[in-house]
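Values quoted throughout were computed directly from the atomic coordinates according to the rules given, and no laboratory measurement underlies them. Keep in mind that what you see is a predicted model, and the values were worked out from it rather than measured. Please note: Cβ atoms are built from the backbone with ideal geometry, for glycine as well, and neighbour counts cover all protein chains shown.
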């Protein structure tokens with residue numbers, strides 16, 4: 001009887017570990033770790049099969065914890081993923097205001113976006129000018145999503161002579 005209880009406990013533990021890993025990153029599965037490396041090339045990663053394989057592998061070998069702690073196995077401990085999520089969420093919630101302020105070349109929402117994107121306060125004017133100058137390519141009415149807009153702005157920052165040097169991203 002005790003052997004069955006132990007086996008059941010182990011199964012529940014691994015099931016909970018897999019469930020937590022899936023809940024931690026609902027977009028592409030368990031995020032990082034040995035499971036992500038081993039099953040990362042599997043097609044249709046958002047399907048339940050590959051996600052369960054990744055989470056089970058990570059849970060079996062505890063590789064996600066090690067990967068995050070050491071910055072290996074495709075994991076990052078620099079906070080960049082969280083910063084990107086905050087920026088994208090802000091852009092989604094304020095897309096209309098950001099679009100207007102980018103066209104105007106100034107505004108509170110645009111200043112907040114610049115701060116979230118790691119642009120130092122002294123470079124906000126350059127950021128405002130860049131977003132106004134590239135407005136049509138950054139925000140195509142009805143075609144661009146907030147996620148695409150943030151990506152386009154990040155790409156523009158990376159190519160900008162001043163912003164690329166001073167941005168903390």
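General remarks:
- From least to most packed, judged by other beta carbons within 10 angstrom and beginning with the fewest, 145, 112, 43 follow the order 43, 145, 112.
- With neighbours defined as other Cβ atoms within 10 Å of a residue's Cβ, the residues 153, 48 order from fewest to most as 48, 153.
- Sequence of 121, 115, 56 once ranked by neighbouring C-beta atoms within 10 Å, starting from the fewest: 121, 115, 56
- Across the stretch 80-166, the relative contact order, built from alpha-carbon pairs under 8 Å that are at least six residues apart, equals 32 percent.
- Prolate/oblate/rounded label for the stretch 80-166 (Cα gyration tensor, a/c 1.5): rounded
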